[in-house]
Amino acid sequence: MLSLKQQWTDKITEWRTSGLSIAAWCRQNDESYHRFLYWRRRLEPKTTGGFVELTLESPALALACNGVTLRIERGFDRELLREVLSVLKAI
C-alpha cells in the first residue's frame, strides 16, 4: 500500500497533467480542496522568492516558474493572457 505522502504526490501529478483548476480537479475526484492545498504546500519545494528566469526567444517571450513555462508569441491575445494570469494568481 502506498504511503499517504506518495498517494498525494501521485494526486498532485494527476492534477498537473489534467489541465483543470484545483477546484475542478477536486470536485471531479471527490477530494477536499483544503486538504489538496495542504498537501501541495507540504510536498512542493519551498521557494525563497526573488527572481524568476525569463528567457527571450525571438520572436517569443517564455516565462518559466516552478516547472511551468508560459510562451507568449507576437500578436498574442491580450484578453486570454489576462485570464490565464488571473487563474495562475488564484492558485
- Message: Give me Rg/Rg_expected for the chain, where Rg uses Cα atoms only and Rg_expected = 2.2 N^0.38 Å with N residues.
- Response: 1.29
- Task: Could you point to the residue in 91, 17, 45 farthest towards the positive end of the chain's charge dipole, with +1 and -1 charges on the Cβ of Lys/Arg and Asp/Glu respectively?
- Result: 45
- Task: Please give, to one decimal in nm, the separation of the simple spin-label points placed at residue 65 and residue 5, each 7 Å out from Cα toward the Cβ.
- Result: 2.8 nm
- Let me know the longest stretch in the chain that avoids all trypsin sites (Lys or Arg not before Pro) found in a DSSP loop with at most 11 other C-beta atoms within 10 Å. 1-45
- Value of relative contact order over the chain, rounded to a whole percent, pairs C-alpha under 8 Å and six or more apart: 14 percent
- Note on the structure: Helix-only [θ] at 222 nm, the chain, -39500 (n - 2.57) per DSSP H run of 4+, per residue, nearest 500, equals -15500 deg cm²/dmol
- What FRET efficiency do you get for residue 77 and residue 24 if R0 is 30 Å and r is their Cβ-Cβ distance, rounded to the nearest 0.05? 0.85
- Item | Range in the chain, longest, excluding exposed chymotrypsin sites (Phe, Trp or Tyr not before Pro) [loop by DSSP; at most 13 other beta-carbon atoms within 10 Å] | 1-50
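No lab work stands behind these numbers, since they all come straight from the coordinates. As the structure is a prediction and not an experimental result, all values here were calculated from the model. Note that each Cβ is placed from the backbone with ideal geometry, even for glycine, and that neighbours are counted across all protein chains shown.
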